[in-house]
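The values are calculated or read from the model by the stated rules, or taken from the named source; none is laboratory data. Since this is a predicted model, take the numbers as computed values, not measurements. Cβ atoms come from the backbone with ideal geometry, glycine included; neighbour counts cover every protein chain shown. Protein only, heavy atoms only, side chains kept; ligands, DNA and RNA dropped before computing areas. Shrake-Rupley method; radii C 1.70, N 1.55, O 1.52, S 1.80 Å.
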Amino acid sequence: MAEKKRTEVADIDRSLYDFTYGEEGFERLDAGLTPDIVREISAKKDEPDWMLEFRLKSLDIYKRMHTPTWGPDISGLDMDNIVTYVKPNTDQKSDWESLPDDVKNTFERLGIPEAERSYLAGVGAQYDSELVYHNMQDTASKMGIVYSGIEEALHEPKWEAMIREKFMTLIPPTDHKFAALHGAVWSGGSFVYVPKGTKLDFPLQSYFRLNAKGAGQFEHTLIIVEDDADLHFIEGCSAPKYNVANLHAGAVELFVGKHAHLRYSTIENWSKNMYNLNTKRARVDEGGEVEWISGSFGSHVGYLYPMSILAGRKARCSFTGITFAGAGQNLDTGCKVVLGAPETSASVETKGISKSGGVQTFRSSIVATPAATGSRASVSCQSLMLDDQSRSDTIPSMDIRAKNVDVGHEATIGRIGDDKIFYLMSRGISEEEARTMIVNGFANPVSKELPLEYAVEMNNLIKLEMEGAIG
């Protein structure tokens, strides 16, 4: 008897991501937000006094700020029920075999050790609120590159001074309510420093896994790429599915020096009970460049708009992104660019896919300051709806305050043409396979920019989402 073809979205096998382990031996603080909880988090990390003061000020700001109402509804997120700190049953290790079996098995199933052995210069793995594994090849460390947990770097006087100077200056707690929340309860994350003129040929990677039910993850990534240096950093995220809300409110701050280059690649595959309220921001000096490669697949609700501040003459940025919204998802994604100096340039290319009643919104902001003479920006947004229950919207904003600038926006929204399906089916391809092929082709400009293993993962995610797209 032939194997039954999947015909319903509920049949999709997400076992690669949806497996869970218990919390035996874990340390879990009370749910909710109080000054005592913030003090306890800080004390557990033995932080300098200035960081505790920063946390408490952020908590005060959080309590005074309103919850955003202009985007997707997040009323289902009740912070009184969110645990802001869960410590796994291990301290940080640099030897993979020293990790507890449940933590080790989690990352092995997600392919982290294999990726590390294959081609990565360094790997950090975070489990719930703490970095549990960190390792970097001697080649990178001999070049003077620093890649560590940010909390570890805070205990080194040289790096503490640098962190104190930079920490949450690109994303101040006053920026929005969840930036303030992050400032109060952040935990874990990465610190990367690439010295002047240093070019790393292989990527560094951080992987964030949220295992705990009803918890939040608030990692902070701080990357400093000095003048004439070059780095590729990869970020991966996933979580199992629970029947209660989980929250991700991390922060990424990137400082790109003069004539330096940073590529930041992300695949976010959170489960569909996750509120993904992450904030990412880069500052680029004269002649420098930041490239964002972004794939957003999971989460129930997403607010995600990586921002590039082009602060020096001829600074550049590019953003290449894809968002896939399925049943029960409302993903509001896009990017922001500030043209803050003469002859700066930005290129934005995004793809949005929605199916089974999913809502996908592309939201962009291009600001040309009075200093942006001779600058240019182009925004291209393409959306594909796979059925008549889904929705795609494009909300561009352009604020031009300088003369002699060239800013353009192009958007297309459509459905898969019956003629394309008919043509492929006439060549012996099933309707479901035909739709998957078309979606893969639509997503190709993004997947081809990803490292090989992540491109494969993205294509597999598309295949999983597309199985059962008809019937």
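At pLDDT 95 or above, surrounded by fewer than 24 Cβ atoms within 10 Å (Cβ to Cβ) and in contact with a strand residue (DSSP E or B) (Cβ under 6 Å, 6 or more places away or on another chain) - does that describe any residue in the range 189-197? Yes, that holds for at least one residue.
Residues in the range 40-64 that are within 17 Å of Gly216 (Cα to Cα), without any contact (Cβ under 8 Å) to a residue 60 or more places away in the chain and not acidic (Asp, Glu): Ser42 alone. Which one of Leu204, Leu222, Leu231 is within 24 Å of Leu154 (Cα to Cα) and at pLDDT below 85? Exactly one residue qualifies, and that residue is Leu204. If you go through the range 271-278 one residue at a time, do you hit one that is hydroxyl-bearing (Ser, Thr, Tyr), touching a residue at least 40 places away in the same chain (Cβ under 8 Å), open to solvent by less than 10 Å² (accessible area, probe 1.4 Å) and assigned to a loop (DSSP other than H, G, I, E, B)? The answer is yes, given that some residue of the range 271-278 is hydroxyl-bearing (Ser, Thr, Tyr), touching a residue at least 40 places away in the same chain (Cβ under 8 Å), open to solvent by less than 10 Å² (accessible area, probe 1.4 Å) and assigned to a loop (DSSP other than H, G, I, E, B). Scanning the range 32-70 for residues that are out of contact with any Pro (no Cβ under 7 Å at 6 or more places or on another chain) and open to solvent by less than 20 Å² (accessible area, probe 1.4 Å) yields Gly32, Ile37, Val38, Ile41, Ser42, Lys45, Met51, Arg55. Looking only at the range 351-363, decide whether some residue is assigned to a strand (DSSP E or B), over 24 Å from Glu235 (Cα atoms) and open to solvent by 20 Å² or more (accessible area, probe 1.4 Å). So far as the range 351-363 goes, yes, one or more of its residues are assigned to a strand (DSSP E or B), over 24 Å from Glu235 (Cα atoms) and open to solvent by 20 Å² or more (accessible area, probe 1.4 Å). Considering the range 40-51, the residues that are within 26 Å of the chain's Cα centre (by Cα) and in a helix (DSSP H, G or I) include one that is modelled with the lowest pLDDT, namely Ile41.
Scanning the range 324-335 turns up no residue that is in contact with a Gly (Cβ under 7 Å, 6 or more places away or on another chain), in a loop (DSSP other than H, G, I, E, B) and among the charged types (D, E, K, R).
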